[in-house]
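Down below is the structure, laid out as structure tokens.
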Amino acid sequence: MTKKLRIGVLVSGRGSNLQAVIDNIGNGSLAAEIAVVISDQPDAFALERSRQHNIPAVHISAKGYRGRREEYDALLVQELRKHSVDLVILAGFMRIISKVLVQAYPHRMMNIHPALLPSFPGLHVQKAAIEHGVKFSGCTVHFVDEGMDTGPVIIQAVVPVLDSDTEDVLASRILKQEHKLFSRAIQLFAEGRLKVVGRRVLVDGGRTETDEFLINP
Ligand code: GRF
């Protein structure tokens, strides 16, 4: 049997994406294991979810690290290494990360973002999409580089933006797709099927028009 991919998950909040990964590992659609969940917030519900599933859950406080982002990130790297993590996923981790973390996991760290990058990077992006008047939005899983939401796109899912949408309604339509998309990207990584060529991430074997993750109306 080949060794299972060991994932380290960085979180700050409710952890619904973490839960989806836990569930997809549980139902056999994702061949990986979560080695550790790390939060910068002591009361993140994501930590509670981890404990319920006997996953090591660690709080690393960022107090006292204002303006010392690299030193804080070195603590994260130390903890991730302690758990022999192969792939880091940012699942609602609300900190800007430094090159210390990025360079420790080059093309081995993924983020999920609730918009179709490069449109709408940053925060409050569902509201921004509605106010801008776009007719479609969605979510993106990308490799993390040193910019904010700028790394190579791995996969995206599309949802419509309806005239009646509020920020919450659109956010929950997108979130439903996030819960499938993140695991899909991790599975492709686990199978060694992702190849980064410049800014492009190619899926070995090629993507086809019938791939179920292309469009999700
Ligand atoms: C998600 O919308 C994700 O795209 C963004 O932060 C949110 C995290 O939600 N990066 P959750 O903690 O996974 O429920």
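Rule-based calculations on the coordinates, nothing more; no lab input. None of the values given here were measured: they were computed from a predicted structure. All Cβ positions, even for glycine, are placed from backbone atoms using ideal geometry, and neighbour counts span all protein chains on display.
Below, the figures for the structure above:
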item: Between the range 1-47 and the range 121-170, the Cα center-to-center distance that results, in Å; result: 22 Å
item: Dipole of the range 2-120 [Lys/Arg +1, Asp/Glu -1 at C-beta], most positive-end residue of 24, 52, 37; result: 37
item: Choice from 166, 150, 140 with maximal GNM fluctuation in the chain (Cα, 10 Å cutoff); result: 166
item: Max mean-square fluctuation residue, GNM over the chain, Cα-Cα springs under 10 Å, options 54, 24, 111; result: 54
item: For the range 39-182, convex hull of alpha carbons as volume per residue, Å³; result: 122 Å³
item: Most mobile of 188, 123, 18 in a GNM of the chain (Cα contacts under 10 Å); result: 123
item: Lysines with Cα under 30 Å of residue 4, excluding same-chain neighbours fewer than 8 positions away; result: 82, 99, 176, 180, 195
item: Modelled FRET efficiency - R0 30 Å, residue 208 with residue 123, Cβ distances, 0.05 increments; result: 0.30
item: Under 5 Å, built H, 5+ apart or other chain: amide partners of residue 9; result: 36, 37, 38, 89
